[in-house]
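Structure first, commentary second.
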2 protein chains.
Amino acid sequence: MDGQGRVRNITDLARLAGVSPGTVSRALADSHLIAKKTREKIQQLAREHDFRPNVMARNLRIKRAGAIGVLIPLGHETGQHISDPFFMTMLGHLADALTERGHDLLLSRVIPKDPDWLNRVVDSGRVDGVILIGQSDQIDVIEKVASRYLPLVAWGANLPGKNHCSVGSDNRKGGEIAAQHLIDRGCRNFAFFGDPVAPEIAERLEGCRAALSSSGLADNFSILPAHLTAETAHPAISKWLDDTQSIPNGIIAASDVIAMSALRALAEHGVKVPGQVHVVGYDDLPFANQTVPTLSTVKQDLAAGAAHLVDLLFRRIAGEETGSVVLEPELVVRQSS
Amino acid sequence: MDGQGRVRNITDLARLAGVSPGTVSRALADSHLIAKKTREKIQQLAREHDFRPNVMARNLRIKRAGAIGVLIPLGHETGQHISDPFFMTMLGHLADALTERGHDLLLSRVIPKDPDWLNRVVDSGRVDGVILIGQSDQIDVIEKVASRYLPLVAWGANLPGKNHCSVGSDNRKGGEIAAQHLIDRGCRNFAFFGDPVAPEIAERLEGCRAALSSSGLADNFSILPAHLTAETAHPAISKWLDDTQSIPNGIIAASDVIAMSALRALAEHGVKVPGQVHVVGYDDLPFANQTVPTLSTVKQDLAAGAAHLVDLLFRRIAGEETGSVVLEPELVVRQSS
DNA sequence: AATATTGCAACAAACGATTGCATAACACGG
DNA sequence: CCGTGTTATGCAATCGTTTGTTGCAATATT
């Protein structure tokens, strides 16, 4: 615009307006300590030169970062891409909620190599708080940091004996609902697809076990610890189908992504869903009713989850020692079961 | 840890070590101006108190932000969630590449209400550069900002007459390839699913048109301007199938997400793919070989794309006036065609 | 008319680092 | 014992804001 005399800071603008930097600062903050006339003059001038005060300097002075760290820990994943729509859905909700509260979102996928990864973020002074999307296999690290750093919340399991603040659905119950549904559908042999290294998954598995046990079907249950990505799940399941002697008639997948791979693998093996096998997923991601056949699944309300995460986080930033939140899972029956 | 005397800044640590703040700063930076012995003592002390210098203060002094803004403009989307795996895939690659270069990723979904959204980010002093994932319908805004702000790159179309730096596949050619493939498969009536408001889509559409024209099939072509989300695409397509008199035998979807919705809608209408209708998508997202039937599609190499985006961006941050990059699209034939 | 109140704006000290320059400490040869 | 050269540290300015305190007029009060 004005090539030469670009206004780079509040002092430049002050000079231009013939006032002191302090006055400019207050004027731009619309402080009533400054006469309305001066205020408007300065604001007008700022607009003309499209000047915007430097956020970093402001934050330094103000002692806040204006950003929330959103971390995706990939501890148990073997480092491949996560193209998992789950994350994007969650991320979308979080981004909206944070923006609404005037905070930026500092995204970081972290493959924890040393136990210091979380400390680094927390102590960097870059963020006012941290949201973890999933706990992965890093419970110990999380617990340790949480014990000294209040504004930390995690999406995931609410684990007995653990104190960090979490938001997640009742995974045990979710697993139970899924299994019970298959039992009701008349299934008698079951398989669980998913890696119980992640605590959420472990709880879902446990819920299944419980449901099967109380129907006396605990013995007809096998587990395939498949990774969560679309890339790795499919070959694993396919191979499993090749190897297994008798295909079960009820399959519970630890996530919709895995379920989708399963549907495809089953189709390839000429197995009819839901004719021969009933399949239930977990998450109710947007694509769950786009698959062929559409996927029955246990719905986690991610919108509500994200809202809770952000709400709890800001209460913690304000100093409150909040508890955790457990959401009710809900069975969504579609064609696959 | 040490409850009382928490070390909050470089000065505290200096006091503890019995040296001046400046010395601590240099010691932590491993400067050779400081005696090895002192250096190690200070580093040890820092470790003990797990002290990490405040990044924001550092950045202010050093005049860099240490973060790159990644923006997802949602101009033509009507504000719903984007659960599109495309973004997550891209985001994952970007996150990795940026972290590798020591930069954080400031994520922002922006629904442009005023033409100032991009200026705000650029002038905030919070980011060293900006990557746009998609141009949406904001070409004018982007062009304007790009003309004065060098470190700005966009994923999307390389538009004639436009000067901002972009990385994207040759959409026109991609569209051409897709259409030609269907022609080769013997299709004679065509439909395009996708909203040409976004320039990438417009170019793909144009490519299709070109291919059809040169085979004299331009007249047998209809367009359904469907939105890009899974949520909205399916009902639109379903309705279209209800209404249309004669279903075409070649369908080109502007994205894999749309293609997936199409596959499902077709299945519901009892239309055999690829028996009666051939379908081609665009993107080659991870789930493209998970659908039933697996999806033929025009592959965009997102990994390479992300690498280019980051590379160009950093060259621009260094002051170089780089050109744009156009990637070759590649047809991936699977079951749906 | 003298004093108290108010309204505006300037001054200067933070915030927590980095870094050029000045200086202190030390060793060494003459 | 002094000058000279290293090497290691301290000092103070700086980055661009915010904000408590202060100074000064103009107005209100008695």
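When the Gaussian network model of chain A links Cα atoms closer than 10 Å, the mean-square fluctuations of A:173, A:63, A:144 top out at A:63.
In the elastic network of chain B, a GNM with C-alpha springs shorter than 10 Å, the most mobile of B:253, B:27, B:97 is B:27.
Computed from backbone phi, the HN-Hα couplings of region A:328-335 come to 6, x, 9, 7, 10, 8, 10, 7 Hz, rounded to whole numbers (Karplus: 6.51 cos²θ - 1.76 cosθ + 1.60, θ = phi - 60°; Gly and Pro given as x). Database remark: amide H of residue B:222 closer than 5 angstrom to the amide H of B:190, B:191, B:192 (H placed geometrically; neighbours at sequence offset of 5 or more, or on other chains; Pro and chain starts carry no H).
Taking amide H as placed 1.01 Å from N in the peptide plane, the amide H of residue B:296 sits under 5 Å from that of B:281, B:334, B:335, B:336, B:337, each at least 5 places away or on another chain. Near residue B:273, once Lys and Arg are set to +1 and Asp and Glu to -1 for all other residues with Cβ below 15 Å from its Cβ, the sum equals +3.
The mean count of C-beta atoms from other chains within 10 Å of the C-beta of residues in A:53-63, rounded to a whole number, is 5. In chain A, the calculated helix contribution to ellipticity at 222 nm averages -13000 deg cm²/dmol per residue, counting -39,500 (n - 2.57) for every DSSP H run with n ≥ 4.
GNM remark for chain B: springs join alpha carbons under 10 Å apart, and the peak mean-square fluctuation among B:64, B:15, B:148 falls on B:15.
Could you list the residues of region A:162-180 with an amide nitrogen less than 19 Å from a label point located 7 Å from the Cα of residue A:320 in the Cα-to-C-beta direction? Of the residues in region A:162-180, A:164-168 have backbone N under 19 Å from the label point off residue A:320. Applying the Karplus relation 6.51 cos²θ - 1.76 cosθ + 1.60 with θ = phi - 60° to region B:281-292 yields 3J(HN,Hα) values of x, 8, 2, 6, 5, x, 7, 4, 9, 10, 7, 10 Hz, where x marks Gly and Pro. Average projection, convex hull of the Cα set of the protein assembly as shown: 34.2 square nanometres.
At a temperature of 20 °C and a viscosity of 1.002 mPa s, determine how fast region A:171-299 diffuses translationally according to Stokes-Einstein, using the Kirkwood radius over alpha-carbon pairs as Rh; express D in µm²/s, rounded to the nearest whole number. It diffuses with D of about 153 µm²/s by this estimate. Rounded if a/c is under 1.5, else prolate if a/b beats b/c, else oblate: with a ≥ b ≥ c from the C-alpha gyration tensor eigenvalues square-rooted, which is region B:45-162? Judged from the Cα gyration tensor, region B:45-162 comes out prolate (a/c at least 1.5, a/b above b/c). Could you state the number of Å between the C-alpha centres of region A:30-47 and region B:89-161? What the calculation gives is 31 Å, centre to centre. Label region A:220-267 by shape, choosing from rounded, prolate and oblate, from the square roots a ≥ b ≥ c of the eigenvalues of the Cα gyration tensor; if a/c is under 1.5 it is rounded, and otherwise prolate applies when a/b is larger than b/c, oblate when it is not. Verdict is prolate for region A:220-267. Once the Cα atoms are used to define both axes, helix B:199-214 deviates from the longest principal axis of chain B by about 30 degrees.
Beta bridges assigned by DSSP with both partners in chain A are antiparallel in approximately 10 percent of cases. Within the protein assembly as shown, DSSP assigns beta bridges of which about 10% are antiparallel (rounded to the nearest 5). DSSP finds beta bridges in region B:171-299, and of those with both partners inside it, around 0 percent are antiparallel. Entry note: region A:3-53 has Rg to Rh equal to 0.94, where both radii use alpha-carbon atoms and Rh is the Kirkwood radius. Between helix A:302-317 and chain A there is an angle of about 50 degrees, using the helix long axis and the longest principal axis of the Cα atoms. Per residue, the Cα convex hull of chain A amounts to 171 Å³. Only Cα sites of region A:244-337 enter the Debye sum here, all with the same form factor; the resulting log10 I(q)/I(0) across q = 0.11, 0.14, 0.15 1/Å is -0.42, -0.57, -0.62, listed in q order. If R0 is taken as 30 Å, the Cβ-Cβ distance between residue B:206 and residue A:239 corresponds to a FRET efficiency of 0.10. Across region B:157-168, computed HN-Hα scalar couplings (Karplus, 6.51 cos²θ - 1.76 cosθ + 1.60, θ = phi - 60°) run 8, 9, 8, x, x, 9, 10, 6, 6, 9, 10, x Hz from first to last residue, x flagging Gly and Pro. Rounded to the nearest 10 degrees, the inclination of helix B:230-243 to the longest alpha-carbon principal axis of chain B is 10 degrees. If a spin label sat at a point 7 angstrom from the Cα of residue B:328 along the line to its beta carbon, the backbone N atoms of region B:165-201 nearer than 16 Å would be those of B:168-178.
Taken together, the values in this text are just the output of simple stated rules run on the coordinates, not laboratory data. The model shown is predicted, which means the values in this text are computed figures rather than measured ones. Every residue, glycine as well, gets a Cβ built from its backbone with ideal geometry; the counts of neighbours run over all protein chains shown.
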